[in-house]
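Here's the structure we're looking at; comments come further down.
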Amino acid sequence: MVRFSTLLLVFISAMTMAQPIRVGSKHFNEGYILSEIISQLLEANGFIVERKYNLGGTVVCFEALRRGEIDLYPEYSGTISSEILKDPKLDYKEIQNELAKKYLLYISQPYGFNNSYGLVCTRETSEKYGLHSISDLRQQTQLQFALSYEYLRRVDGWDSLKLKYGLSHTPNAIEHGLAYSALQSGKIDVTDAYTTDGEISKYNLVLLEDDQKFFPLYSAITIYNRNLPEKAKALIERLSGTIGEDLMQAMNADVLFGGETIAQVASRFLKNRNLIALTVTRTDSVISEIANQTLTHLELTFIALVLAILVSVPLAIALYWNPSWASPVVYFTGLLQTIPSIALLAIMIPIFGIGVVPAVIALFLYALLPVLRNTLMGLQAVDPVLKNVADGIGMTRFQKLRYVELPLATPSIMAGIRTAAVINIGTATLAAFIGAGGLGEFIVSGLALNNTSMILKGAIPAAVLALLIEFLFTWLERIITPAHLRRKTL
């Protein structure tokens, strides 16, 4: 007879396998590949995987992991020690102990390659100015630097590097995926790079020697939370020592220049290492992908817009009846509009985590001002004579609002809603940075891969969607507005 404890263990194991493992990734090419390798390895062994790629930089990914929004993501030892633990001198064992003690997080054994930061230039620039090491840059103050956003603000980034080498250059900021094009076209002379970037060999670039040994060891590993199933941990450990630097650079190049998808490159690696039996083939068509992300985009926009209407219209009415509060409230909602979209989304992460909820809240805040201000202005613009007539025939405040003021303010209210909808369509593309999906997924991935066609897969549908929303609300305005108040709108 089968023991009860055995059945219980089998049941618990089955339930664990049924729970999706959420795999995160930073928004750059190598992060996608490593995350896809992990995802396919887990799926091939019975786990359900939920992919949460494009999660911005280190801070976004780590915060998502710490809060339990994702279960694991690929990271680098030097990044953990410098950016998270604030001590670049920590070795692997010390990193492991500190993460467990402070955050109850754990790391796998290294994959086998070191992806350090470095500075690169074209071979022509190297020969022209005699650039072979970072120290050689000290005398070439005329060179134009452009560095990635994350590297500019890292503890082990530009400020520390500049101090170590005595550099006096003032770099501009640039998206990492676009830096190589700028380098090739001569717009910039030097940029930061990951030493396993496929572009280095593709464009025959010169990686300047770190002759003062500034950069720590950036061994690629998996960082995961304590709730990850033991079987999943064991599977991830099978990746230990399987990826060398040359192989990682080649896989990066295959995605960037070889016309292969991230899924295909990851699948081939796993099959060549006998970690899975079958290669993965892509089943979703481009049309299906765009349709799914468009629906997600619309969902984010619609929920945020409805919430903004439900809050803004009653609030505008209250301010209309209490005008002394109108200016401060409108001013406050106006301040919300001045916060950069990506900054507002980042602020949401420590409070609401990643995904749909923080994205909807951010879009809701952006939609408040147009709806609130236009509703208030529409009510205030109602002809005083008509208000007096309504008072004269004995209408109550609510009757006057219902039958006179709101109908007359309808064109202005609808214009505000229409403006908020169009703004949110554009702003929602940034929601991809916090794992909310939508058409921004294509744009963010395209920027990371320097893939114009992928960027257009998101940008064109978003633009078309904005136009369709504009036409839809123009049509709704004509229907809702009383016939005698209808006018030709632009």
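The values are calculated or read from the model by the stated rules, or taken from the named source; none is laboratory data. Everything numeric in this text was worked out from a predicted model, so none of it was measured. Counting neighbours? That spans all protein chains shown, and the Cβs are built from the backbone with ideal geometry, glycine included. All accessible areas refer to the heavy atoms of the entire protein, side chains included, with ligands and DNA or RNA removed. Shrake-Rupley method; radii C 1.70, N 1.55, O 1.52, S 1.80 Å.
Can we say residue 86 is open to solvent by 30 Å² or more (accessible area, probe 1.4 Å), in contact (Cβ under 8 Å) with a residue 60 or more places away in the chain and more than 19 Å from residue 149 (Cβ to Cβ)? Let's see the steps before the verdict.
On the way: open to solvent by 30 Å² or more (accessible area, probe 1.4 Å): yes; in contact (Cβ under 8 Å) with a residue 60 or more places away in the chain: yes; more than 19 Å from residue 149 (Cβ to Cβ): yes.
Considered against the rule, which asks whether it is open to solvent by 30 Å² or more (accessible area, probe 1.4 Å), in contact (Cβ under 8 Å) with a residue 60 or more places away in the chain and more than 19 Å from residue 149 (Cβ to Cβ), residue 86 comes out as yes.
Could you figure out which of (1) open to solvent by less than 20 Å² (accessible area, probe 1.4 Å); (2) under 30 Å from residue 58 (Cα atoms); (3) assigned to a helix (DSSP H, G or I) isn't true of residue 342? Condition (1) is where residue 342 drops out. Residues considered: 225, 204. Of these, the only one that is open to solvent by less than 20 Å² (accessible area, probe 1.4 Å), at pLDDT below 95 and of a type in the set (S, T, N, Q) is 225. The set of residues in region 321-339 being free of Cβ contacts under 8 Å to residues at least 24 places away in the same chain and in a helix (DSSP H, G or I) consists of 323, 324, 325, 327, 328, 331, 332, 335, 338. Among the residues of this structure, residue 350 counts as one that is in contact with an Asp or Glu (Cβ under 9 Å, 6 or more places away or on another chain) and open to solvent by 10 Å² or more (accessible area, probe 1.4 Å).
Determine if region 217-227 includes at least one residue that is farther than 26 Å from residue 91 by Cβ and in a loop (DSSP other than H, G, I, E, B). Walk me through it before giving the result.
The initial filter retains those residues of region 217-227 that are farther than 26 Å from residue 91 by Cβ, namely 227.
Pick out the ones that are also in a loop (DSSP other than H, G, I, E, B) and you get 227.
Checked against the condition, which is being farther than 26 Å from residue 91 by Cβ and in a loop (DSSP other than H, G, I, E, B), region 217-227 yields at least one hit.
For region 312-342, the set of residues classified as more than 16 Å from residue 400 (Cβ to Cβ) and touching a Lys or Arg at 6+ places or on another chain (Cβ under 9 Å) consists of 312, 330, 333, 334, listed by residue number.
Scanning region 362-369 finds one or more residues that are in contact (Cβ under 8 Å) with a residue 40 or more places away in the chain, closer than 24 Å to residue 65 by Cβ and either in a helix (DSSP H, G or I) or out of contact with any Phe, Trp or Tyr (no Cβ under 6 Å at 6 or more places or on another chain) (or both).
Scan region 89-122 for residues that are of a type in the set (S, T, N, Q) and either over 18 Å from residue 31 (Cα atoms) or open to solvent by 50 Å² or more (accessible area, probe 1.4 Å) (or both) and the total you get is 4. Checked against (1) assigned to a helix (DSSP H, G or I); (2) among the β-branched types (Val, Ile, Thr); (3) farther than 19 Å from residue 24 by Cα; (4) at pLDDT 90 or above, residue 265 passes all but condition (3). Within region 310-339, being under 15 Å from residue 424 (Cβ atoms) and surrounded by 18 or more Cβ atoms within 10 Å (Cβ to Cβ) holds for 312, 333.
Residues that are among the β-branched types (Val, Ile, Thr) and modelled with pLDDT under 85: which helices (runs of 4 or more DSSP H) entirely in region 393-490 hold 3 or more of them? If you could, list the steps in order and put the result at the bottom.
Values: elements: 397-400, 406-427, 440-449, 452-480.
Filter on region 393-490 gives 452-480.
Only one entry in 141, 125 is more than 27 Å from residue 60 (Cα to Cα), surrounded by 19 or more Cβ atoms within 10 Å (Cβ to Cβ) and of a type in the set (Val, Ile, Thr), namely 125.
With respect to the conditions (1) under 22 Å from residue 60 (Cα atoms); (2) without any contact (Cβ under 8 Å) to a residue 24 or more places away in the chain, residue 318 falls short on a single one, namely (1).
The single condition from (1) closer than 30 Å to residue 443 by Cα; (2) of a type in the set (Ser, Thr, Tyr); (3) surrounded by fewer than 17 Cβ atoms within 10 Å (Cβ to Cβ) that residue 195 fails is (3). The listed residues are 409, 420, and the only one of them that is touching a Pro at 6+ places or on another chain (Cβ under 7 Å), closer than 27 Å to residue 367 by Cα and crowded, with 21+ Cβ neighbours inside 10 Å turns out to be 420.
Take the residues of region 228-256 that are among the small types (Gly, Ala, Ser) and in contact with a Phe, Trp or Tyr (Cβ under 8 Å, 6 or more places away or on another chain): which is surrounded by the most Cβ atoms within 10 Å (Cβ to Cβ)? Full working, then the answer.
Looking only at region 228-256, we keep the residues that are among the small types (Gly, Ala, Ser), and these are 232, 234, 240-241, 244, 250, 253.
With the extra rule that they be in contact with a Phe, Trp or Tyr (Cβ under 8 Å, 6 or more places away or on another chain), the set shrinks to 232, 240-241, 244.
Working: 232: 22, 240: 14, 241: 12, 244: 14.
Across region 228-256, the extreme among qualifying residues is 232.
Taking (1) in contact with a Ser or Thr (Cβ under 7 Å, 6 or more places away or on another chain); (2) under 14 Å from residue 210 (Cα atoms) in turn, residue 108 satisfies each apart from (2).
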